[in-house]
2 protein chains.
Amino acid sequence: MPSTPLPADPTPATGQVLDLGADVTTLTAAICDIESVSQDEEALADAIEAALLPLAHLDVTRDGNTVVARTSLGRDERVVLAGHIDTVPLTAVPNLPTRRVDDELWGRGTVDMKGGVAVMLRIAAEVTEPSRDLTFLFYECEEIDGRFNGLGRLADTSPELLAGDFAVLLEPTNGAIEGGCKGTLRAEVVTKGVAAHSARPWKGHNAIHDAGAVLTRLTAYEAETITVDGLDYNEALQAVGISGGIAGNVIPDLCTVTVNYRYAPDKNVDEAFAHVRHVFDGFEVTLGDAVDGARPGLLLPAAKAFIDALGVPVNPKEGWTDVARFSALGIPAVNFGPGDPNLAHMDDERCPVQQYVDAEAALLRWLA
Amino acid sequence: MPSTPLPADPTPATGQVLDLGADVTTLTAAICDIESVSQDEEALADAIEAALLPLAHLDVTRDGNTVVARTSLGRDERVVLAGHIDTVPLTAVPNLPTRRVDDELWGRGTVDMKGGVAVMLRIAAEVTEPSRDLTFLFYECEEIDGRFNGLGRLADTSPELLAGDFAVLLEPTNGAIEGGCKGTLRAEVVTKGVAAHSARPWKGHNAIHDAGAVLTRLTAYEAETITVDGLDYNEALQAVGISGGIAGNVIPDLCTVTVNYRYAPDKNVDEAFAHVRHVFDGFEVTLGDAVDGARPGLLLPAAKAFIDALGVPVNPKEGWTDVARFSALGIPAVNFGPGDPNLAHMDDERCPVQQYVDAEAALLRWLA
């Protein structure tokens, strides 16, 4: 690429340029090669903003290192395409710059999720007359604590920028559509006993022994598979922590089992916690952190059109993702993007380049 | 008491004087009122040494803040009377000096175990022609980490000073004889699983859930009562700790249950650990710290004479005590002393003064 003189700008822009006319694989590699570990996304946000500003059919807004570009064509429907531009840190021997090995592109971000960002930018550049109004959301800080999340910030401060009838999050799904996501809550199940010297346990009551009944219920628990909008969500209720005991010669008077309930998006936190209390009926149960999932909304017309146009498999999303942020705003949302999610964050993160090509083609079938 | 001029001595002696001619209750109060929290026993050791040195029938040895006094009358039998001279710390509003309330003496040490120390000093002063040769052991640092224990140090460095046919530890037993003590071992029972994201637990295996079977065995375990030398020891096997889990969204791959086995003195550590491994057959079990108990040895002639002379109840000792240090040297040993052990270390530590009188009278019946 030709070098560009740096503008007299107070921001420490690197001046790196993205060529949206390049093929999607080349563009993915270029985006990966602009390192953007969480909270260090400025150079990439600058490059994305600079690449979008010349496009006359888009209104571009910058908020921190989050960039929003929108058409305003008066279409009946508005679709949101969203992707985070940050990555987890590089490996010890840095897995950047990207390398092309046979039919795969290797390196940090090739799966999670700069292929999706490249597809978004290609659509933004190519589809000047989309069938639906489009909103492109390139946001920061998805890989770290949720309070830094650029999408979450916009949802609070400028929800009008997220408005739409349907949203697609271009997280890696191996080219399938993954609908909605499960909710998650943590709760503490507590047993209480009476402390005593462990040489005379009959003077006390062992709270850890009582926790055996809590674990027995967990082991016997049969998690349900719940169908929501045609997708089967596999629920899960598991211990993620246990602690008890204060000294090697004391019968413990307290034992705490922390459980994590991953629940289908047919229920909200209140209903999910009521279920957990029911499972541990007779024990003291307190609610910890919790966040609802998202219904896939695949029966809505906008979603059906998306599914029909793409013609790819449709699966439930097991983990919690940012689609829930759209769901909280009343916008049905799905995940769809290139890359095997099992390779996300891995040292050998890599993606068959055909998945980038296929994802771009699929969205073009829908939107062009 | 008359004030005494301080000697020109490099040790910071307080110059406090003990009058062994006073009655045992007065002497107990005087000993309590010389504060001697663990590692601060010098003033009391000085006073005890000074009180014993004038007694012609005793050879007195000082080792740190441990004082040993012995007769050498060529008797057929040698009896050891032992007591620690330290206490746990005072209460926030200091529970010293002692207070006499009705028939009880209140204050730190009145139970654990300065009444016993007073009885020892009275016997040392009064019984100049004992029926058996006598060794009096006044030792430091029983209430803290065992490596500071004065009796333990002497057992290592000068075992000849501990030699005897029978030992009586004047720890509080409410005036009964408590024989021997149980051994104690700790072991870790470990379950191992496979870590996974808690949204997809079927990709892993939950080690905490597996620990439920460990707790079920503990709950179902029926501890034995084992008779040794005529005393019934109540064994116990209890969890004293449990831990597992690394994060709120991770299926834990490790859970550790720490168990404490209190075992009758009919077995040693190896046999006790074999039993624990048997209980948790199929689980990974590792041995932690352990120490054998002590057989009461009540069938031996010296012990029988003691029991016959005293005519008080004989019970097993549930907890581990320093009698095990004598047992390790091949000397049968029992606990016998004034004070309710349930009041030891308590804010309201106190003892009926009649128990001091009775304990002194009982030992006089045996030794005079």
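Structure notes:
Condition check ((1) acidic (Asp, Glu); (2) in a loop (DSSP other than H, G, I, E, B); (3) within 14 Å of chain A (Cβ to nearest Cβ)) across all residues:
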{"position": "B:Ala305", "(1), (2), (3)": "no, no, no"}
{"position": "B:Ala324", "(1), (2), (3)": "no, no, yes"}
{"position": "B:Val334", "(1), (2), (3)": "no, no, no"}
{"position": "B:Pro338", "(1), (2), (3)": "no, yes, no"}
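- Number of the exception - B:Glu360 against (1) outside any loop (DSSP other than H, G, I, E, B); (2) out of contact with any Lys or Arg (no Cβ under 8 Å at 6 or more places or on another chain): (2)
- Listed by position, the strands (runs of 3 or more DSSP E) inside the stretch A:188-271 whose residues that are more than 7 Å from chain B (Cβ to nearest Cβ), open to solvent by 20 Å² or more (accessible area, probe 1.4 Å) and more than 30 Å from A:Gly297 (Cα to Cα) number at least 1 are A:254-263.
- Subset tally (residues that are surrounded by fewer than 21 Cβ atoms within 10 Å (Cβ to Cβ), assigned to a loop (DSSP other than H, G, I, E, B) and touching a Lys or Arg at 6+ places or on another chain (Cβ under 9 Å)) for the stretch B:49-87: 6
- Residue match in the stretch B:47-58 (condition: touching a helix residue (DSSP H, G or I) at 6+ places or on another chain (Cβ under 9 Å), farther than 25 Å from B:Leu367 by Cα and modelled with pLDDT of 95 or more): no
- The residues of the stretch A:272-285 that are in a loop (DSSP other than H, G, I, E, B) and open to solvent by less than 10 Å² (accessible area, probe 1.4 Å) amount to a single one, A:Phe280.
- Counting only residues that are open to solvent by 10 Å² or more (accessible area, probe 1.4 Å) and either outside any loop (DSSP other than H, G, I, E, B) or touching a strand residue (DSSP E or B) at 6+ places or on another chain (Cβ under 7 Å) (or both), the stretch A:159-175 holds 7 of them.
- If the condition is being surrounded by fewer than 23 Cβ atoms within 10 Å (Cβ to Cβ) and hydroxyl-bearing (Ser, Thr, Tyr), then the stretch B:113-145 contributes B:Thr128, B:Ser131, B:Thr135.
- Checking B:Tyr221, B:Tyr263 one by one, the residue that is touching an Asp or Glu at 6+ places or on another chain (Cβ under 6 Å) and at pLDDT 95 or above is B:Tyr263 and no other.
- Unique match (being within 14 Å of chain B (Cβ to nearest Cβ), open to solvent by 10 Å² or more (accessible area, probe 1.4 Å) and over 30 Å from B:Gly183 (Cβ atoms)) among A:Gly288, A:Gly330: A:Gly288
- Figure legend. Inter-residue proximity from the stretch A:271-289: first residues under 20 Å from A:His209 (Cα atoms), second residues modelled with pLDDT under 95 and of a type in the set (Asp, Glu), beta-carbon distance below 7 Å, spacing 6+ or different chains. No pairs are indicated.
- Residue check: A:Val314 meets all listed conditions (1) open to solvent by 30 Å² or more (accessible area, probe 1.4 Å); (2) under 20 Å from A:Glu188 (Cβ atoms) but one, namely (2).
The values are calculated or read from the model by the stated rules, or taken from the named source; none is laboratory data. No experiment lies behind these values; they were computed from the predicted model shown. Here the Cβ is made from the backbone with ideal geometry for all residues, glycine too, and neighbour counts use every protein chain on show. We work out accessible area using only protein heavy atoms, side chains counted, and drop any ligands, DNA or RNA first. Shrake-Rupley method; radii C 1.70, N 1.55, O 1.52, S 1.80 Å.
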